[in-house]
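> Mind looking over this structure? Questions follow.
The values are calculated or read from the model by the stated rules, or taken from the named source; none is laboratory data. Given the structure is predicted, the values throughout are model-derived calculations rather than measurements. Positions of Cβ are backbone-derived with ideal geometry, glycine not excepted, and every protein chain shown enters the neighbour counts. Accessible surface is based on the protein model in full, side chains and every heavy atom, while ligands, DNA and RNA are left aside. Shrake-Rupley method; radii C 1.70, N 1.55, O 1.52, S 1.80 Å.
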Amino acid sequence: MKVVAIVGSIRKESYNLMLAKYIEKKYSNQFDLEILRLNDIPMYNQDTENEPPQSVIDFKQKVKEADAVLWVTPEYNASIPGVLGNAIDWLSRVDQVMIGKPSLIMGASMGNLGTVKAQGHLRDILFAPGLGSPVLQRNEVYVGAAHNKFDSNGNLTDESTVKFLDSVIENFVEWMKLYV
């Protein structure tokens, strides 16, 4: 199965990017994960949505070809980052490549609650008419105090978080089979 991870941070040392890379490596025997960065996605503009820049065309094509999307989001001001919202705007327009595509949401932050508010908002957004993405429920991954849970090589070292992530990924793989 082919999964794309959309990381809602453009920071080089992002804990969310670390989480996505950890999942890419640890679960490579269960699915093929490609991490999509948002660094080169321009601001959405309805004037150019029918002839978007090549970076948007490529981004949307990778999402379209994937069997599922893993959303890995930080939390900015109790919601999703603007860069992630912008990417979602592009995905929701014209060919609407997210409709019916299964999603899993997770995130990491230095706060104790992880990204609970951002994930709630993202879940609501993914149900919007131009997106219509089913989201795996009751498998939320909130990696709080992330600065204490990753080592210098980007490995997730907190045993209880790893064990929980193992069960969520197992559930996600089984659930994806319903859509593939």
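> When we measure straight from the Cα of Lys21, which lysines land under 19 angstrom away, once same-chain ones fewer than 8 places off are left out?
The qualifying lysines are Lys2, Lys12, Lys62, Lys149, Lys163.
> Ordering Arg123, Arg138, Arg11 by accessible area with a probe of 1.4 Å, largest first, what comes out?
In descending accessible area the options line up as Arg138, Arg11, Arg123.
> Please provide three numbers in whole Å: the alpha-carbon extents of the stretch 44-106 along the principal axes, with the largest listed first.
For the stretch 44-106, the Cα spread along each principal axis is 33, 27, 17 Å.
> In the stretch 84-180, what chymotrypsin sites (Phe, Trp or Tyr not before Pro) fall in a loop by DSSP, with at most 14 other Cβ atoms inside 10 Å?
Loop-located and lightly packed - Phe127, Tyr179.
> Continuing with this model, one more query. Under 5 Å between amide hydrogens, which residues at least 5 positions from Ala5 or on another chain qualify, with H placed 1.01 Å from N in the peptide plane?
When sequence neighbours closer than 5 places are left aside, the close amide H contacts are Glu34, Ile35, Leu36, Leu70.
> With viscosity set to 1.567 mPa s at 4 °C, what whole-number translational diffusion coefficient in µm²/s follows for the stretch 76-166 from Stokes-Einstein and a Kirkwood radius over Cα pairs?
91
> Helix 159-176: angle to the longest alpha-carbon principal axis of the chain, degrees 0 to 90, nearest 10?
Tilt relative to the chain: about 40 degrees.
> So, taking all protein chains as they sit and a 1.4 Å probe, how much accessible area belongs to Ser109, in Å² rounded to tens?
Only protein atoms counted, so the area is about 20 Å².
> For the chain, find the longest principal axis of its Cα atoms and tell me its angle to the long axis of helix 116-126, 0 to 90°, nearest 10.
For helix 116-126, the angle is close to 30 degrees.
> Any idea what the relative contact order of the chain is, in percent, if you count C-alpha pairs under 8 Å spaced at least 6 apart?
Reported as a whole number, the value is 23 percent.
> Taking Cα atoms, how many degrees apart are the long axis of helix 15-26 and the longest axis of the chain, rounded to 10 and kept between 0 and 90?
Taking Cα atoms only, the helix is inclined about 80 degrees.
> A follow-up question, please. Using a Gaussian network for the chain with springs between C-alpha atoms less than 10 Å apart, which of these wobbles most: Pro129, Pro102, Pro42?
Pro129
> Then there's this: Ordered by residue, what ³J(HN,Hα) values in Hz, to whole numbers, does the stretch 35-42 give under the Karplus form 6.51 cos²θ - 1.76 cosθ + 1.60, where θ = phi - 60° and Gly and Pro are x?
Values per residue, Gly and Pro as x: 8, 9, 8, 9, 4, 9, 8, x Hz.
> Kindly provide the helix-only [θ] at 222 nm of the chain, computed as the sum of -39,500 (n - 2.57) over DSSP H runs of four or more divided by all residues, to the nearest 500 deg cm²/dmol?
Per the formula, -11000 deg cm²/dmol.
> If a/c stays under 1.5 just call it rounded; otherwise compare a/b with b/c (prolate if a/b is bigger, oblate if not). Do that for the stretch 1-65, with a ≥ b ≥ c from the square roots of the Cα gyration tensor eigenvalues.
Oblate, since a/c reaches 1.5 and b/c is not below a/b.
> Let's test this: bin the Cα-Cα distances of the chain at 10 Å from zero up to the farthest pair and state each bin's percent.
Pairs per bin, as whole percents: 10, 41, 37, 11, 1.
> Separate question: Report ³J(HN,Hα) in whole Hz for each residue of the stretch 92-98, in order, from the Karplus equation J = 6.51 cos²θ - 1.76 cosθ + 1.60 where θ = phi - 60°; Gly and Pro get x.
Here the 3J(HN,Hα) series is 8, 10, 6, 7, 6, 6, 8 Hz.
> Here is a follow-up. May I ask you to list the aspartates and glutamates whose Cα is less than 20 Å away from that of Lys101, ignoring any residue fewer than eight positions away on the same chain?
Of all the aspartates and glutamates, those that pass the test against Lys101 - Cα under 20 Å, at least 8 places apart if same chain - are Glu24, Asp32, Glu34, Asp58, Glu65, Asp67, Asp89, Asp124, Glu140, Glu170, Glu174.
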